[in-house]
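So the structure is just underneath, and the comments pick up after that.
Laboratory data are not the source of any read-out in this text; all were calculated from the coordinates shown. Model, not experiment: these values are computed from the prediction. Note that we place each Cβ from the backbone using ideal geometry, even for glycine, and neighbour counts take in every protein chain shown.
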Amino acid sequence: MSNCYKIPRTELEKCKGRDDLLRSGVYFLFGTSDQTGENAVYIGQAGVRKNGEGILYRLQEHKRNPDKDYWTEAIAFTNDDNSLGPTEICYLEHKFCVIAKKAKRYIVKNDKEPSPGNITEAKESELEKYIEYAKLIMGILGHKVFDKLTEDRKSITFRKSQLDSSTSSEAIFYLEDKLDKKRKASGKRTSEGFIVLAESYISKTVSDYLPSSYKNLRTKFASLLTKDGKLKKAILFASPSAASAFVLGKSSNGLIDWKTSNGKSIKEIESKGTTQG
């Protein structure tokens, strides 16, 4: 049976003496990037060592390592019978890194992609169940490290039949730079908030009257912008207004300013229950 442990960095010393943390397994170190302020994760593995201190000992090593000072919480997975050997934990570490990188939710801090090792087809099938369990538990614990934020902007296409029946949560909305209409930002409303999609153009100017919280977001995500002001990857905001203020560099009512290709605002669609035409 798989076991999961959520350990705040500040509580790590209290875990000494726990036999269940002396086993082999895989672990995740969660925190924020010092450079960008984005969510960050390091994914690792720990085998049982001569001193008998598997995962716990490895986490203590990371706590003492100044290069990994960013993490604030560890989540570890083991199993009851301590049957995860070197082959299994190598494979799990590899798979978790691949899935996390594809999701693009977190900066994956692993310098190199772990090797999958030499695993049999039967064992791979068995470990897929372990992975599905870990993905479920991770989401419950509040880390959506395995959930893809959104489709890449280039891959989003709609047939006319889809456009006719789409709702506001499925529609793509746009913001235009009034000085250069070719410089557009695109976004999408989701159950989590409003996503500004990759390849959106972000205004280079920032109003003196823009609230400091939005100015801070400009600083936080500065590394995600090209020299031309194009967004390198999608960013999730709490609301359409937060997203439009970030894009425009000035206060904005996102419910009005974000519009579909045929000019309908989020407010129009949601208040009238209309569809794209």
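Remark: Val108, Val145 ranked as Val108, Val145, counting other beta-carbon atoms within 10 Å and listing the fewest first. Placing +1 on the Cβ of each Lys and Arg and -1 on the Cβ of each Asp and Glu in segment 2-140, which of Val98, Ser2, Ile119 has its Cα farthest towards the positive end of the resulting dipole? Comparing the listed Cα positions along the dipole, Val98 ranks first. I need the shape label for segment 2-140. Rule: rounded when a/c is under 1.5, else prolate if a/b > b/c, else oblate, with a, b, c from the alpha carbon gyration tensor. Note, shape of segment 2-140 comes out oblate. Using +1 at the C-beta of Lys and Arg and -1 at the C-beta of Asp and Glu, which of Asn110, Ser213, Tyr174 has the Cα lying farthest in the positive direction of the dipole of the chain? Working it through, the farthest residue towards the positive pole turns out to be Tyr174. Candidates Tyr130, Gly17, Leu59 compared by Cα position along the dipole of segment 2-140: farthest toward the positive end lies Leu59, with charges placed on Cβ.
Placing unit charges on C-beta atoms (Lys and Arg positive, Asp and Glu negative, everything else neutral), compute the dipole magnitude of the chain about its Cα centre in debye, rounded to 20.
1180 debye
Other residues whose C-beta falls under 12 angstrom from the C-beta of Lys215 contribute a net charge of +2, scoring Lys and Arg +1 and Asp and Glu -1. Between Gly254, Gly187, Gly263, the residue with the greatest mean-square fluctuation in the GNM of the chain (Cα pairs under 10 Å linked by springs) is Gly263.
Here the Karplus curve 6.51 cos²θ - 1.76 cosθ + 1.60, taken at θ = phi - 60°, turns the phi angles of segment 253-264 into couplings of 8, x, 5, 9, 6, 7, 9, 6, 4, 9, x, 8 Hz, with x standing for Gly and Pro.
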